[in-house]
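This report refers to the structure that appears directly beneath it.
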Amino acid sequence: MTERSFRDLRTAGGPNPEDVSITFPCDYPIKVVGDAAEDFAALVGEVVKRHDPGFDVTSVEVVNSRNGRFQSVRLTMRATGEAQLKALFDELKATQRVHMVV
């Protein structure tokens, strides 16, 4: 199976991510997954606040994985453009504590 056919299978029946557009500014939900730690949600909140100064860090929701090894931090920020989101994702990745941003 080639990479191309794998990609086609994943999008079968659903929208093509390249065809989905976002109108900015907008409220943008994000889920950030990382290793569970007491300061993980605060770290994510600080990073998001740098990219969205109006973000309320008290609005984050933390969900622990079933075995307690991971945490997902769920939030909604005000997105102003693709450059802002890319910079946010890059900074979250640079912490080396984030496994995935959805």
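Here are the numbers:
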{"read-out": "Rg in Å to one decimal, and Dmax rounded to a whole Å, for segment 44-102 via C-alpha atoms", "value": "11.9, 36"}
{"read-out": "Accessible-area value, residue 61, 1.4 Å probe, nucleic acids and ligands omitted, Å²", "value": "100"}
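The values are calculated or read from the model by the stated rules, or taken from the named source; none is laboratory data. Because the structure is a prediction, the values reported are computed rather than measured. Only protein heavy atoms, including side chains, enter the accessible area calculation; ligands, DNA and RNA are left aside. Shrake-Rupley method; radii C 1.70, N 1.55, O 1.52, S 1.80 Å.
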